[in-house]
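A quick write-up on the structure given underneath.
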Amino acid sequence: MEKQILSIKIENQNSIELNQLTLSLNALACQYDSFLRKSPDFDYHKSQRKLYLSKLENGSLIVELIPAVIPLLNEFNSIMEFGKYLKNIFDYFLGKTTNFSYSLTKKDCEEIIEFIEQSARDNGSNLSLNINGNNNTVVFPIVDLDCIKANAIQNNINKYSEKTSESPRIYFKELMYWANAGFVKNKINDKVIIEKIDKKPKKVIFQNEQDKIFSTTHNNKFPNKNWQDLGYIVDVEVSYIEDTPKEYKILKIYEDDTFDLD
């Protein structure tokens, strides 16, 4: 399988400030992490959602980044898919396409702006971003930015960000289970886990009182099981703060699909 790396070439008229380069690369790494978390094709643990520096050349600054997880044959390649994500963003905010396939949060916007800040502030700059394969050949060109284009992208992303709110997102037919089996008598735990969204427990509320009663009382279909040991299939509205899930609102429980977690 052909290896694929994310290659960044920076040519600046002025010296590149180390702190700004660090901020830029960190913003790109955060975008990679965010992209993988949102993508249904990559069920990666946090430790696997990282980029590693594989080469740093001088002259024109060339940085090569590789993923923490190298895909097996026939698997989606995270670097290639991330490259497509970046290309769609840059093409859209440069006005090269009207087809925008992603929804960016305010945090996404801030990180993309930070990534190209070095190029935007230097009149003699040029930033090339590509996916390279074997023998360092370009297999997928992402973007080639000078100062003018970098500033244009930043301005357009800022306008987009001003219109962006952290709107709730709705997910359909996801597995939900109660986070803690150690329930105090007559007191219902108010946190559940929906692993597809976040593996950490989150506060839950119910749109319909009947759904709350169903998921917190004895289930006749499982006479020998406590209700907190069952799995529930739900439609859920998720509230976010800076792209982090904070609360679940259960819109519907599919009662017939309830099952024993064991």
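The values are calculated or read from the model by the stated rules, or taken from the named source; none is laboratory data. Just so it is clear, the model here is predicted, and its values are computed rather than measured. Please note: Cβ atoms are built from the backbone with ideal geometry, for glycine as well, and neighbour counts cover all protein chains shown. Please note that ligands, DNA and RNA were not included when accessible areas were found on the heavy atoms of the full protein model with its side chains. Shrake-Rupley method; radii C 1.70, N 1.55, O 1.52, S 1.80 Å.
Summary of values
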read-out: Base-10 log of normalised Debye intensity for the chain (one unit scatterer per alpha-carbon) at q = 0.08 Å⁻¹; value: -0.44
read-out: Label-point separation in nm, residue 137 to residue 47, each point 7 Å along Cα→Cβ; value: 3.7
read-out: Added length on full extension, which subtracts the Cα-Cα distance from 0.36 nm per residue, residue 37 to residue 217; value: 61.5 nm
read-out: Greater than 21 Å apart at Cα, pairs in 87/199; 3/107; 84/163; 38/106; value: 87/199; 3/107; 84/163
read-out: Candidates per trypsin sites (Lys or Arg not before Pro) in segment 142-174, loop by DSSP, up to 16 other Cβ within 10 Å; value: 163
read-out: Accessible area (Å², per residue) of the chain, counting only protein heavy atoms and a probe of 1.4 Å; value: 56
read-out: Binned Cα-Cα distances of segment 1-135, short to long, each 5 Å bin given as a whole percent; value: 2, 9, 19, 23, 21, 15, 8, 2, 0
read-out: Other-chain or far-sequence residues with amide H under 5 Å of residue 125's (modelled H); value: 13, 147
read-out: Cα→Cβ-extended label distance, 7 Å offset, between residue 249 and residue 26, nm; value: 3.5
read-out: Length-normalised contact order of the chain in % [C-alpha pairs under 8 Å, at least 6 apart]; value: 17
read-out: Rotationally averaged projected area of segment 89-161 (alpha carbon convex hull; nm²); value: 5.4
read-out: Mean ellipticity per residue at 222 nm, deg cm²/dmol - from DSSP H runs of n ≥ 4 across the chain, formula -39500 (n - 2.57); value: -9000 deg cm²/dmol
read-out: Using a Förster distance of 41 Å, the FRET efficiency for residue 170-residue 55 (Cβ separation, nearest 0.05); value: 0.45
read-out: The chain: DSSP helices with Cα axial extent of at least 18 Å and average Kyte-Doolittle hydropathy no lower than -0.5; value: 18-38, 78-93
read-out: DSSP loop GluC sites (Glu not before Pro) with at most 11 other Cβ within 10 Å excluded, longest remaining stretch of the chain; value: 3-241
read-out: Principal axis dimensions, segment 96-137 - Cα atoms, whole angstrom, descending; value: 37, 28, 21
read-out: Difference of contour (0.36 nm per residue) and Cα-Cα distance, residue 256 to residue 14; value: 80.6 nm
read-out: The chain - percent of accessible surface contributed by carbon and sulfur, probe 1.4 Å; value: 48
